[in-house]
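Have a look at the structure below, then the notes.
The values are calculated or read from the model by the stated rules, or taken from the named source; none is laboratory data. These figures come from a predicted structure and were not determined experimentally. FYI the Cβ positions are ideal-geometry reconstructions off the backbone, even for glycines, and counts take in every protein chain you see.
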Amino acid sequence: MKAFLSAMGRTKADYRLAHLILLLHIASMCGLVWYLGVEPYYEAGIFFLQCSLVAMLIYALSYMLWTVIRFLIEQRERPTAALIKHVRDVLVRDDRYAHALHSMVIFIGMITVFATIKSTIPAINAFSWDPVLIEFDRAIFGGIDPYVLTSAAFGNAYAIVVINFFYNLWLILVACSLVWAAWTSNHLLRLRFMFSALLGWLVAGNVLAIVFSSVGPCFVEPLTGDRTYAPLMQLLEQVNSETAMVWALTAQKGLWAAYTSETGAISGISAMPSLHVVFAVIIACATWSMGYLRRWLGTGFALIIAIGSVQLGWHYASDGIVGGALALLFWKVSGYLASWSLDHSSTVLKPASASVAG
């Protein structure tokens, strides 16, 4: 226990700014809810808290399974003892377990607050920005609704199914990226990813989502009667009837049922800005320094998410444009925040931080 507390103490200086942002998020959202007299919707936040804990457990078990298989292939003697020693070395080296605990507490806390407030948005600020965003999209694209342009290239059944697959993969990749960031040995990259994610949830996911409260193309007709996106939704229904693989429609129907009934863990509707694009671009930024293959895989994934957000009826094009711009801004700002945190870190970690920065 003494060694554990010592490791937590040695690493806490790296995360004091991140903890401050988390506390600012909690305080600002609690203050807003209290001021408006709104009852927060806790069920979604609790659900994402449970998902986060399960993701951590799966990651740990998968890592140990992969290590055991590797040891068996290498024909190591006493593979169980070798696994225990390997895991202990990995956890203790450079206080990695302490860094991971700080990171996961911050990530899980922020996700829980974000999800709770996201599901409470219509009670805080009624949905009203959809007509403005529809006209803004038309102004950007010369009077044409963006889905018309994406459908010209990706409106066939094969493309829609492929895009839908990667769009649904987003949640898994984001969860994996958060766990990876918590356990990576690169202090600077971990903190930079962390700050980008925190700004994404706070600024884009809650503050701007409340200010520009909107439901998006898939819900605009049932909410307002505006049939601008009716042809796109009919196309998706047609493809789904042929393939039964447009899972976006199932998710959309579930979200709408949760919104109208005010029940269910999977809830929370907001269009502007697109958090799918925000986090896809943040992941692309993180992979940019990891070599040619990962760089272009990350960039390609971000492009697919941006296109899919429009083609699957989740977002207006402007949601993705703003989301991508915000992600690049967050990544830039996070570089300064991460460097400041390491420069003002404890003296124990300064040599390691300096070697990473160099």
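Could you grab me the full set of residues in segment 136-160 that are among the hydrophobic types (A, V, I, L, M, F, W, C) and over 17 Å from Gln234 (Cβ atoms)?
The answer is Phe136, Ala139, Ile140, Phe141, Ile144, Leu149, Ala153.
For segment 223-236, how many residues are assigned to a helix (DSSP H, G or I), under 27 Å from the mean Cα position of the chain (by Cα) and at pLDDT 90 or above?
3
List the residue pairs whose Cβ atoms are under 7 Å apart, where the first residue sits in segment 142-168 and is touching a residue at least 40 places away in the same chain (Cβ under 8 Å), the second is of a type in the set (Ser, Thr, Tyr) and in a helix (DSSP H, G or I), and the two are 6 or more positions apart or on different chains.
Ala157/Thr243; Val161/Thr243
For segment 328-346, which positions are in a loop (DSSP other than H, G, I, E, B) and either at pLDDT 95 or above or surrounded by 21 or more Cβ atoms within 10 Å (Cβ to Cβ) (or both)?
Answer for segment 328-346, where residues must be in a loop (DSSP other than H, G, I, E, B) and either at pLDDT 95 or above or surrounded by 21 or more Cβ atoms within 10 Å (Cβ to Cβ) (or both): just Ser345.
Is it the case that segment 261-268 has a residue that's of a type in the set (D, E, K, R) and either without any contact (Cβ under 8 Å) to a residue 40 or more places away in the chain or within 30 Å of Leu191 (Cβ to Cβ) (or both)?
no
Would you check if there is a residue in segment 42-50 being out of contact with any Ser or Thr (no Cβ under 6 Å at 6 or more places or on another chain), at pLDDT 75 or above and either surrounded by 14 or more Cβ atoms within 10 Å (Cβ to Cβ) or under 30 Å from Ser341 (Cα atoms) (or both)?
For segment 42-50, residues out of contact with any Ser or Thr (no Cβ under 6 Å at 6 or more places or on another chain), at pLDDT 75 or above and either surrounded by 14 or more Cβ atoms within 10 Å (Cβ to Cβ) or under 30 Å from Ser341 (Cα atoms) (or both): absent.
Just to be sure before I move on: is Ser270 closer than 24 Å to Lys332 by Cα and part of a loop (DSSP other than H, G, I, E, B) in the structure I sent?
Answer is no for this residue.
I'd like to check something: does segment 169-187 contain any residue that is under 22 Å from Val333 (Cα atoms), of a type in the set (S, T, N, Q) and not in a loop (DSSP other than H, G, I, E, B)?
Checked segment 169-187: at least one residue is under 22 Å from Val333 (Cα atoms), of a type in the set (S, T, N, Q) and not in a loop (DSSP other than H, G, I, E, B).
Have a look at Ala306, Ala286, Ala325 and point out the one that is among the small types (Gly, Ala, Ser), out of contact with any strand residue (DSSP E or B) (no Cβ under 8 Å at 6 or more places or on another chain), closer than 18 Å to Leu189 by Cβ and in a helix (DSSP H, G or I).
Only one candidate passes the filter, namely Ala286.
I'd like to know if segment 68-75 contains one or more residues that are under 26 Å from the mean Cα position of the chain (by Cα), part of a helix (DSSP H, G or I) and modelled with pLDDT of 70 or more.
There is no residue in segment 68-75 that is under 26 Å from the mean Cα position of the chain (by Cα), part of a helix (DSSP H, G or I) and modelled with pLDDT of 70 or more.
With respect to the numbered conditions (1) assigned to a loop (DSSP other than H, G, I, E, B); (2) within 22 Å of Pro131 (Cβ to Cβ), which one is the sole condition not fulfilled by Gly320?
Going through (1) assigned to a loop (DSSP other than H, G, I, E, B); (2) within 22 Å of Pro131 (Cβ to Cβ) one by one, Gly320 breaks only (1).
Can you name the residue in segment 237-249 that is assigned to a helix (DSSP H, G or I) and among the β-branched types (Val, Ile, Thr) and, of all such residues, is surrounded by the most Cβ atoms within 10 Å (Cβ to Cβ)?
Val239
Residues of segment 114-135 being of a type in the set (Phe, Trp, Tyr) and either in a loop (DSSP other than H, G, I, E, B) or at pLDDT 95 or above (or both), which ones?
Phe127, Trp129
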